[in-house]
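Worksheet: one structure, shown below.
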Amino acid sequence: MKKTFLSGLSTGLYLMVMVSSVGATTLTSTISMDNGYVAYMSTDDAVQGTAFADLNDWYTAHTTTTSLSSGTDYYLHIYGYDQGSIAGFLGEFSLSGNDHEFVNNSLTLLTNTADWIGNNTGWADPMTTLTDLGTNGVGPWGLRSGISSQANWIWVGDAYSKNAAYFSTKISTAAPVPEPSTILLLGGGLLGLGWYGRKRKKV
């Protein structure tokens with residue numbers, strides 16, 4: 001009897017671990033910046049955060065990934081800098097898992113003037129509206145492969161005279177939705193524990 005109880009308990013604990021493991025999130029970022037950028041992840045919109053990607057190569061798109069902790073809200077910060085002529089920021093971002101979402105309540109976010117804020121001075125300073133420079137494929141940049149054609153080139157203020165820009169968007173925690181296989185495992189485990197409880201009462 002004791003051995004059966006311990007077996008049921010261990011099964012229940014295993015299923016709890018399985019459920020808690022669902023929801024681990026990976027952020028995938030594909031960015032093209034004229035001219036260069038540094039991407040940071042922060043838990044405070046006024047604090048720069050930890051750098052996880054950077055590149056100075058305006059004619060290509062750069063893809064990186066970083067992990068997010070469950071139950072934590074984040075701010076994705078992108079610092080962009082220009083080195084002459086027009087400046088621009090183009091990007092596509094996606095989340096794996098189910099415990100985080102972007103400000104558009106989706107697992108995918110593109111650069112646009114609705115879901116991003118920014119300024120030309122720093123993270124702790126007031127944010128302002130952004131400038132729309134056209135969708136992916138517009139001149140002088142042309143089409144950036146790996147980024148949706150619906151993404152917009154954006155900047156803060158005059159893209160010819162403002163050589164530094166600070167962009168920010170929030171990534172919030174979302175209510176986790178267990179995967180179907182996890183629900184089946186959990187249901188099976190609970191039925192097993194219920195059966196064991198009934199059997200124990202009859203003894």
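Read-outs throughout are calculated quantities, based only on the coordinates presented, and are distinct from any laboratory measurement. None of these values were measured; they are calculated from a predicted model. Cβ: placed from backbone, ideal geometry, glycine included. Neighbour counts: every protein chain shown.
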Between Lys170 and Ser70, how many nm apart are label points set 7 Å from Cα along the C-beta direction? 2.3 nm
First measure r as the distance between the Cβ atoms of Ser96 and Leu143, then evaluate 1/(1 + (r/R0)^6) with R0 = 22 Å and state the FRET efficiency to the nearest 0.05. 0.25
Where labels lie 7 Å past Cα in the beta-carbon direction, separation of Thr50 and Thr28 in nm: 2.2 nm
Give me the extension gain from Ser85 to Val103: residue separation times 0.36 nm, minus the current Cα-Cα distance, reported in nm with one decimal. 3.3 nm
Projected onto the charge dipole of region 25-173 (unit charges on the beta-carbon of Lys, Arg, Asp and Glu, signs +1, +1, -1, -1), the Cα from Gly137, Trp116, Gly91 with the largest positive-side position is that of Gly137
Within 10 Å of each residue's Cβ, count the other Cβ atoms and sort Met127, Met41 from fewest upward. Met127, Met41
Residue order, fewest to most surrounding Cβ atoms within 10 angstrom, among Tyr81, Tyr59: Tyr59, Tyr81
Taking a ≥ b ≥ c as the square roots of the eigenvalues of the Cα gyration tensor of region 54-141, is the shape rounded (a/c under 1.5), prolate (a/b larger than b/c) or oblate? prolate
Quickly work out the Asp158-to-Thr128 label distance, labels modelled 7 Å from Cα along the C-beta direction, and quote it in nm with one decimal. 1.1 nm
Amide H to amide H under 5 Å from Thr111: which residues, 5+ apart in sequence or cross-chain, H placed 1.01 Å off N in plane? Gly91, Asn152
Return Leu107, Leu76 ranked ascending by Cβ neighbour count within 10 Å, so the fewest neighbours appear first. Leu107, Leu76
